[in-house]
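Presented below is the structure to which this report refers.
The values are calculated or read from the model by the stated rules, or taken from the named source; none is laboratory data. Just so it is clear, the structure is predicted and the values come from calculations on it, not from any experiment. Note that we place each Cβ from the backbone using ideal geometry, even for glycine, and neighbour counts take in every protein chain shown.
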Amino acid sequence: MADFKRKILHLSSGKQIKLFGNSIAIGKSLELGEGYRPNIFACNDGVSESNSPTSVHNPFRLTRDELLELADYNIQLWMDLKKNIYKHGIDNPMIFEVELSSQNKSANPGSRKIGKDGEGKKMTSPKLEDKL
């Protein structure tokens, strides 16, 4: 199982991925990236706040139920990614829940919005906020 120590993600295969931050994020499009900005719910260690005591940073005043809902949402995104990898492999752009570009559309005339619902919704590019 993967482990994360000293800003390095250690995979069971032996591969190591050096990260700039301390977390990995998944966006609504199922794209992965670094979620190194702990600005929703985090531990304030007191170092940057003139040695104030350690506390919880919760600027949106999220409740217990809201945090559990956020956890469930992210878990579902990771499960959708896992399902899509099993279904499409790792080299197929259909893994991601994004609209294919016009170049890919001409190569694939039956292209549509990719995703679990298969609906023809117009998708916008993921925003930074979606990845947090």
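Things worth noting here:
- In the set (1) touching a residue at least 40 places away in the same chain (Cβ under 8 Å); (2) more than 28 Å from E66 (Cβ to Cβ), the condition left unmet by L30 is number (2).
- Residues located in the range 1-36, provided they are touching a His at 6+ places or on another chain (Cβ under 7 Å) and either in a loop (DSSP other than H, G, I, E, B) or modelled with pLDDT under 90 (or both): A2, D3
- Residue match in the range 74-84 (condition: within 23 Å of H10 (Cα to Cα), in a loop (DSSP other than H, G, I, E, B) and over 11 Å from the mean Cα position of the chain (by Cα)): no
- Some residue of the range 55-64 being modelled with pLDDT of 90 or more, assigned to a helix (DSSP H, G or I) and loosely packed, with under 10 Cβ neighbours inside 10 Å: yes
- Residue in the range 87-98 that is in a loop (DSSP other than H, G, I, E, B), at pLDDT below 90 and either out of contact with any Asp or Glu (no Cβ under 6 Å at 6 or more places or on another chain) or surrounded by fewer than 14 Cβ atoms within 10 Å (Cβ to Cβ) (or both) present: yes
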